[in-house]
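*Asks:* For reference, the structure I am asking about is given below.
Any read-out appearing in this document is the output of simple, stated calculations on the displayed coordinates, not a laboratory observation. Since this is a predicted model, take the numbers as computed values, not measurements. In this analysis, Cβ positions are derived from the backbone assuming ideal geometry, glycine residues included, and neighbour counts consider all displayed protein chains.
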Amino acid sequence: MQNKIQELRKAGKITQQELADALCVTRQTIISLENGKYNASLLLAHKIAVFFGMTIEDIFIFNEEDQL
Amino acid sequence: MNEFRKKLERKVRFFSCYLCFSGMLFVIMSRLFPMSEGGSLTMGFFSGILLVMIFYIFRINTALHNEDKLKQMFIEETDERNIQLRRITGSTAIPIVIIGMGIAMVVSSFINMTVCLTLLGASLFASITTIITRLIVNKTL
């Protein structure tokens, strides 16, 4: 699943550590999310959406073909 | 965070009790039975485990008295990626360990029957523990 976390984070001039602290996760989780190596849980996706003031669908791009 | 603090306090109590109990057991056993061949190796291994526990008690106690470190520890412990990593490595490692012990059991049966039976016991214990844990977790989820 692709996401716009890195794009939004850079636009907001937020460091990975700041975002990690705000979401109560490790910096490594943010790195993995940005690289698309890890898919966030619904809870974390919701926290991210609230943090950026957007909806989950705006941040995470769900590609059905990836799941097949 | 309060729940986490209580969990850490429980951990410290458990480790401390384990340290006291194992220390007492070691003193009693060393008085009752003379140290067998290879006893120093066992004692070294056991001392290593105790040192690791002392290190953990020290680490947890430091975190309990420092809010920043406590928060950092809380994040490391509750981070969902870390939890998933632990789950995956645990579920992958256990079958490998059991298979490895099975191979070692077959090899050791040609050399020493005591070692073979010990490995059989350990494999059975690991398998039964895994099955029981899975059944319990299956009911809770």
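*Asks:* I'd like to check which helices (runs of 4 or more DSSP H) are fully inside chain A and have at least 3 residues that are within 12 Å of chain B (Cβ to nearest Cβ), under 21 Å from B:Ile75 (Cβ atoms) and among the hydroxyl-bearing types (Ser, Thr, Tyr).
*Replies:* none
*Asks:* Only residues in the range B:76-99 that are more than 14 Å from chain A (Cβ to nearest Cβ) and over 30 Å from A:Ala22 (Cα atoms) count as the first member; pair them with residues that are of a type in the set (A, V, I, L, M, F, W, C) and surrounded by 12 or more Cβ atoms within 10 Å (Cβ to Cβ), Cβ under 7 angstrom, at least 6 apart or cross-chain, and list the lot.
*Replies:* The qualifying pairs are B:Ile94/B:Ala126; B:Val97/B:Ala126; B:Ile98/B:Ala126.
*Asks:* Within the range B:40-60, is there a residue that is under 30 Å from A:Asp21 (Cβ atoms), within 14 Å of chain A (Cβ to nearest Cβ) and loosely packed, with under 12 Cβ neighbours inside 10 Å?
*Replies:* No, the conditions are met nowhere in the range B:40-60.
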